[in-house]
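Let me begin by presenting the structure, written as structure tokens, before commenting on it.
What follows draws every value from the coordinates through simple rules; no lab data is involved. In this text the structure is predicted, and so the values were computed from the model without any measurement. Positions of Cβ are generated from backbone atoms using ideal geometry, with glycine treated the same way; all protein chains shown enter the neighbour counts.
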Amino acid sequence: MYRSFIKGWYVIYTKSRYEKKTSQKLAEQNFKVYLPLNKIFSQWSDRKKNIEKPLFTSYIFVYLNTIKDYLKALTIEGVVLFIKFNGGLVRVPDEEINRVKIFLNEFSEVEIKNTQDLKIGEKRKITSGPFENYDCEIIKVDNKQKICVRIDSLQQSLLAEIHSYHLI
């Protein structure tokens, strides 16, 4: 891990419900942090409110320049560990971080589905909007057509409703 360190975005796993607090603590220590927030309409018995919840439960993206940044980040309150696959730290390409940002700017109440749970459906290309010319998969959920944008490095997918006329 130390010899092959490449600067970029990495995924931190936080204590339960510590995403916002940990993100703030990392930013205070001069880390570049991205916490994707999902806009959700919530209704309680006495009121209704739009709230922002972390899109990926217990995940924060942090940009690391050196292995020293990695070691320093591990000391921040709320950080449990860095996500690893096959023994190495998961590095998320800038393009995928940007894709999540664009997706969240365009859609609200986004659902998260584990890629391994999805049944592969029809593959299409998006013809308009922020994901124009991106390939996607169509998933039938609750009798609605939804677009699935895969984020391979996280083995997760984003789902949002989209009209069929945006697809070819």
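What to note about this one:
- Distance between the modelled labels on LYS32 and ASP94, one decimal in nanometres: 0.7 nm (7 Å Cα→Cβ projection).
- Fewest-first ranking of ILE102, ILE12, ILE6, using other Cβ atoms within 10 Å as the exposure measure: ILE6, ILE102, ILE12
- Cβ-to-Cβ counts within 10 Å put LEU35, LEU26 in ascending order as LEU35, LEU26, the fewest first.
- Note on the stretch 1-118: with charges restricted to the Cβ of Lys and Arg (+1) and Asp and Glu (-1), its dipole about the Cα centre is near 340 debye.
- Violating pairs (Cα-Cα greater than 26 angstrom) within the set LYS49/LYS123; LYS15/LYS123; LYS21/LYS84; LYS21/LYS48; LYS7/LYS39; LYS21/LYS49: LYS49/LYS123; LYS15/LYS123; LYS7/LYS39
- Just so you know, the Rg over Rh for the stretch 42-94 is 1.16, from Cα atoms, with Rh as the Kirkwood radius.
- Across the stretch 98-113, the residues whose backbone nitrogen lies under 17 Å from the label position 7 Å along the beta-carbon direction of LYS39 are 100-111.
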